[in-house]
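The values are calculated or read from the model by the stated rules, or taken from the named source; none is laboratory data. All values reported here derive from a predicted model rather than from experimental measurement. Cβ placement follows ideal geometry from the backbone for every residue including glycine, while neighbour counts extend to all protein chains displayed. In case anyone asks, the SASA skips ligands and DNA or RNA and just uses the protein heavy atoms, side chains included. Shrake-Rupley method; radii C 1.70, N 1.55, O 1.52, S 1.80 Å.
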Amino acid sequence: QVQLVESGGGLVQAGGSLRLSCAASVSIVSFNMGWYRQAPGERRELVAYITSGGTTKYADSVEGRFTISRDNAKNTLYLQMNSLKLEDTDDYYCKLNYRGYVYWGQGTQVTVSS
């Protein structure tokens, strides 16, 4: 059974940093992964994704501030978030495209305060 467990969310002041982690219960080496975020009542939106080959893409709103990375040996996806803004407050979810199916983690909450 595929499970994704996010961690690292929390409360941080604007301008601060957080690092999110997403641990997978399966080998991620051959699969694309991404981070998404969602506010209550809003659509889930892409923050960043990384291919199995390491190619990355970011939403315009986080380009230059967030960095997505992966450690295939640990089956873990990361999101380093720097220079956080109030508008980055959301629930963050990791996504794994695994053997034709899409799996989501349970989410981790990020709150940026002024």
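The number of residues in the stretch 73-83 that are over 15 Å from the mean Cα position of the chain (by Cα) and surrounded by 14 or more Cβ atoms within 10 Å (Cβ to Cβ) comes to 0.
Do we have any residue at all in the stretch 77-100 that's outside any strand (DSSP E or B), touching a Phe, Trp or Tyr at 6+ places or on another chain (Cβ under 7 Å) and either β-branched (Val, Ile, Thr) or modelled with pLDDT under 95 (or both)? No: zero hits. Among the residues making up the stretch 20-63, those that are closer than 11 Å to Lys95 by Cα, aromatic (Phe, Trp, Tyr) and in a strand (DSSP E or B) are Trp35, Tyr36, Tyr49.
Would the stretch 45-53 turn up any residue that is in contact (Cβ under 8 Å) with a residue 60 or more places away in the chain, farther than 17 Å from Gly8 by Cβ and exposed (fewer than 13 other Cβ atoms within 10 Å of the Cβ)? Within the stretch 45-53, none of the residues are in contact (Cβ under 8 Å) with a residue 60 or more places away in the chain, farther than 17 Å from Gly8 by Cβ and exposed (fewer than 13 other Cβ atoms within 10 Å of the Cβ). In the set (1) in contact with a Leu (Cβ under 8 Å, 6 or more places away or on another chain); (2) closer than 16 Å to Leu79 by Cα; (3) open to solvent by 30 Å² or more (accessible area, probe 1.4 Å); (4) not acidic (Asp, Glu), Phe31 fails one condition alone, (2).
Among Ala39, Ala59, which is the only one that is aliphatic (A, V, I, L, M) and either open to solvent by 30 Å² or more (accessible area, probe 1.4 Å) or modelled with pLDDT under 95 (or both)? Just one listed residue meets the conditions, Ala39. Looking only at residues of the stretch 84-105 that are closer than 13 Å to Val26 by Cβ and over 11 Å from the mean Cα position of the chain (by Cα), we find that the one that is most open to solvent (accessible area, probe 1.4 Å) is Arg99.
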